[in-house]
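Worksheet for the structure shown next.
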Amino acid sequence: MTQKTFFNCTLFTGRDDQNIADAWFTVDTSTGRLTAQGTGHPDTTDEQIDLQGQFVMPGFINVHTHITSNPDSFSGSFGASESESAVFGYKNLQRLLKSGVTYIRQCGATYDVDIKLKRLQAAGILPQTPHIMASGRAFSMTGGHGDGRNSAYLVDSPDEMRKGVRQAFKAGAECIKVMATGGVMTPNDFMEDPQLSVPEMRVAVEEAHHKRRIVAAHAEGNPGIQNALDAGVDSIEHGFYVNEAEAHQMITQNTYLTPTSIAEWVIPEKGRNVLPDWEVKKAADAIDDTYHNLKRAFKLGVKFTCGTDAGTPFNGFDRTPDEFSLLIKVGMTPAQAYQCSSINSAILLGIADDYGTLEVGKVADFQVLKADPLADTANVKQPDKAVYLGGHRQF
């Protein structure tokens, strides 16, 4: 067993709201897990790495990504071939990791590319990529949000949903994404348009929970948010128009909220005179309402996770660090914003025993920064940060 000790750093474990000064931690390089940590003079180990007073924090868990999408193209990946989608996927995984994201949950991929890339990753031939929870294709109704070539299972009844979810798991999916409402990027629907029905989504939840898997619902407006909650989904994605009654129901049901604030914010910010006017207008009209609704939900006690919807227009795979400044606008402290990732995202995905916080026994996925992340969330945007998986440097 080879032991590697990192010392002379300020450590934010992701668990508490304070840094640990003059910290050190030891990693078993064969398992990639932390075996000891402390302050002051470190224990003697096989290898010691002086971090020269820099700041260490957990790698980010991003629970809403679309690695086969191209954020620089309005049409996303719907017109791309499987080979092109795979190349997008691999390069986007590397961009995520370089930005500090060490674990992702996919929420829809064309051609089930994420499942196939994860197989390559497990075989050791997909270097410098984060851990993946693969979803494969999302589930939508015919003509609904996400109905594009090779991008969704199209289901129009509970029976079709049941068969589709079973097919998805057979193909290797590890989680399920359902479309409860229309969305910003779809030209023929709106955020308030309900799509998949309660009985259809309830079947998806039933089949997923039989396999101890989770279901995410794209749900931007109402009544779709309410429908998704009544179906028993594990997380509401976007949730721009979540109301007070729904927030209370989320707390009662232990349903998580992934706001993906950057996906909405960046469209009117960057998309004017580039994207269609109808798309920019839908996002711009919703922003003020979104902050009001998210602030209320957070104040009431809804648990937020970290996700960006990476792959949507202008929403690149290096922008996860930008999400935290937007979570601050909801009323969070920097520590609370990061804990959306380190604690809540890990619990939602069922990986909290192994990932999320930097504590003894967990996998040593972390990033090294020049400035204090608890002083300013802008400090996590450092482009040349060092990023480690299992104690091994990747970037």
Could you please give the count of residues in region 205-227 that are in contact with a helix residue (DSSP H, G or I) (Cβ under 6 Å, 6 or more places away or on another chain) and among the small types (Gly, Ala, Ser)? 2
Being free of Cβ contacts under 8 Å to residues at least 40 places away in the same chain and crowded, with 20+ Cβ neighbours inside 10 Å is the requirement here; does Thr129 meet it? yes
Taking His218 as meeting all but one of (1) buried (at least 24 other Cβ atoms within 10 Å of the Cβ); (2) not in a strand (DSSP E or B), write down the number of the exception. (2)
Restricted to region 246-290 and to residues being polar (S, T, N, Q), under 22 Å from Val63 (Cα atoms) and not in a helix (DSSP H, G or I), the residue modelled with the lowest pLDDT is Thr260
Within region 50-85, restricting to residues that are of a type in the set (A, V, I, L, M) and at pLDDT 95 or above, the one that is nearest to Arg137 (Cα to Cα) is Ile67
Within region 18-38, is even one residue among the charged types (D, E, K, R), more than 23 Å from Leu374 (Cβ to Cβ) and within 28 Å of the chain's Cα centre (by Cα)? yes
Whichever residue in region 321-337 is among the small types (Gly, Ala, Ser) and surrounded by fewer than 21 Cβ atoms within 10 Å (Cβ to Cβ) and, among such residues, is farthest from Val387 (Cα to Cα): Gly331
Determine the pairs where a residue that is more than 12 Å from Ile176 (Cβ to Cβ) and among the hydroxyl-bearing types (Ser, Thr, Tyr), located within region 189-212, has a partner that is surrounded by fewer than 18 Cβ atoms within 10 Å (Cβ to Cβ) and modelled with pLDDT under 95 with Cβ atoms under 9 Å apart, the partner being 6 or more residues away or on another chain. none
Can you name the number of the only condition in (1) surrounded by 17 or more Cβ atoms within 10 Å (Cβ to Cβ); (2) outside any strand (DSSP E or B); (3) out of contact with any Ser or Thr (no Cβ under 7 Å at 6 or more places or on another chain); (4) aliphatic (A, V, I, L, M) that Val178 fails? (2)
Condition set among the polar types (S, T, N, Q) and part of a loop (DSSP other than H, G, I, E, B), scope region 292-329, selection farthest from Ile67 (Cα to Cα): answer is Thr305
If you check Ala208, Ala204, Ala173, Ala168, which single one turns out to be under 24 Å from Ser345 (Cβ atoms), modelled with pLDDT of 95 or more and assigned to a loop (DSSP other than H, G, I, E, B)? Ala173
Restricting attention to region 289-320, report how many residues are among the acidic types (Asp, Glu) and crowded, with 23+ Cβ neighbours inside 10 Å. 1
Out of (1) within 25 Å of Asp322 (Cα to Cα); (2) of a type outside the set (A, V, I, L, M, F, W, C); (3) surrounded by fewer than 24 Cβ atoms within 10 Å (Cβ to Cβ), the odd one out for His209 is which? (1)
Count of region 14-66 residues which are touching a Cys at 6+ places or on another chain (Cβ under 9 Å), crowded, with 20+ Cβ neighbours inside 10 Å and either within 25 Å of Thr129 (Cα to Cα) or acidic (Asp, Glu) (or both): 10
Is it the case that some residue within region 119-133 is at pLDDT 95 or above, aliphatic (A, V, I, L, M) and within 25 Å of Ala228 (Cα to Cα)? yes
Looking only at strands (runs of 3 or more DSSP E) that lie completely in region 53-162, which have at least 2 residues being within 19 Å of the chain's Cα centre (by Cα) and closer than 30 Å to Cys340 by Cβ? 55-58, 60-65, 101-106, 131-133, 138-140
Among (1) of a type in the set (A, V, I, L, M); (2) surrounded by fewer than 24 Cβ atoms within 10 Å (Cβ to Cβ); (3) under 14 Å from Ala310 (Cα atoms), there is one condition Ala122 misses while meeting the rest; what is its number? (3)
Output the number of residues of region 338-373 satisfying the condition of being surrounded by fewer than 20 Cβ atoms within 10 Å (Cβ to Cβ) and of a type in the set (A, V, I, L, M, F, W, C). 5
For region 14-25, state whether one or more residues are at positive phi and free of Cβ contacts under 8 Å to residues at least 40 places away in the same chain. yes
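Taking the condition out of contact with any His (no Cβ under 6 Å at 6 or more places or on another chain), among the small types (Gly, Ala, Ser) and under 23 Å from Gly183 (Cα atoms), does Gly108 pass? Reasoning before the result, please.
Details: out of contact with any His (no Cβ under 6 Å at 6 or more places or on another chain): no; among the small types (Gly, Ala, Ser): yes; under 23 Å from Gly183 (Cα atoms): yes.
So Gly108 does not fit the description; no.
The values are calculated or read from the model by the stated rules, or taken from the named source; none is laboratory data. From a predicted model like this one, the values you see are computed outputs, not experimental measurements. In this analysis, Cβ positions are derived from the backbone assuming ideal geometry, glycine residues included, and neighbour counts consider all displayed protein chains.
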